[in-house]
Amino acid sequence: MRAACAFRNLQKSGPFWLLFILMLCAGASEQAVSQWASTFAETGLHVSKSIGDLAGPSFFAFLMGSSRAFYGVKGQKIKLLAFMEGSALLCVASYLLISLSPVAALSLFGCGLAGLSVGILWPGTFSIAAKVLPKGGTMLYALLALAGDLGCSAGPTLAGFVAAGSDLRHGILSAIVFPLVMFLGCLAVQRQERPAKR
């Protein structure tokens, strides 16, 4: 009964649905590139598939971990929403670099840049949820995890669908919608917080 009641309360909450969209976009922004990073490593470095499978995802993962480590050390001095907005814009820039660069090696660099940019989006959304909906309980985090998983499927699926029969770069370019919505969503959360501080 408690779980059903908590679910109904969250369903009626505008901030919850905003957070749900943010988490979906966080997962999609991350996986739309990471799923294809090995392909860009193969074409950018002209290496075998086995080496590309290691080099591309490793580059992406290393920079994503670096972003999280940086925030873990400096987070108390940084405004989370501003950091996430900047990261979302950096993600947009990385998608453009991957998609539009005529040099394959630069596209590979864009993959690493994408890893750096998405590092804070998933954990940052959880932190915002704890602040915006402090009484959300385990149901809140379970539903946000579900949203993240849906995004992890939606990002690479959209990229793969658009790229089918075409260039993979077109698929990545189409997925730019996710970091753009992430940026707009962070702005919306910021606007909601301002009246509360008055």
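Of everything in region 67-107, what is closer than 20 Å to GLN35 by Cβ, in a helix (DSSP H, G or I) and not hydrophobic (A, V, I, L, M, F, W, C)? Give them in sequence order.
SER67, ARG68, SER87, SER94, TYR95, SER99, SER107
Would you point out the residue of region 133-178, among those that are under 25 Å from ALA93 (Cβ atoms) and among the charged types (D, E, K, R), that is least open to solvent (accessible area, probe 1.4 Å)?
Among those residues, the one meeting the criterion is ARG169.
Can you name every one of the helices (runs of 4 or more DSSP H) wholly within region 109-198 that holds 3 or more residues which are within 25 Å of TYR71 (Cβ to Cβ), modelled with pLDDT under 90 and out of contact with any helix residue (DSSP H, G or I) (no Cβ under 9 Å at 6 or more places or on another chain)?
Working: elements: 121-132, 137-163, 168-174, 177-196.
Per the criteria, 177-196.
If you go through region 9-23, how many residues are touching a Gly at 6+ places or on another chain (Cβ under 8 Å) and open to solvent by less than 20 Å² (accessible area, probe 1.4 Å)?
Residues that pass the stated criteria total 4.
Within region 98-122, can you find the residues that are open to solvent by less than 50 Å² (accessible area, probe 1.4 Å), hydrophobic (A, V, I, L, M, F, W, C) and without any contact (Cβ under 8 Å) to a residue 60 or more places away in the chain?
The answer is LEU113, ILE120.
Would you pick out the residues in region 54-76 that are over 21 Å from ALA105 (Cα atoms), open to solvent by 50 Å² or more (accessible area, probe 1.4 Å) and among the small types (Gly, Ala, Ser)?
Matches in region 54-76: ALA69, GLY72.
Looking only at region 64-84, decide whether some residue is of a type outside the set (Val, Ile, Thr) and more than 28 Å from LEU187 (Cβ to Cβ).
The answer is no, given that none of the residues of region 64-84 is of a type outside the set (Val, Ile, Thr) and more than 28 Å from LEU187 (Cβ to Cβ).
The values are calculated or read from the model by the stated rules, or taken from the named source; none is laboratory data. Everything quoted here is computed from the prediction, not taken from an experiment. In this analysis, Cβ positions are derived from the backbone assuming ideal geometry, glycine residues included, and neighbour counts consider all displayed protein chains. Protein only, heavy atoms only, side chains kept; ligands, DNA and RNA dropped before computing areas. Shrake-Rupley method; radii C 1.70, N 1.55, O 1.52, S 1.80 Å.
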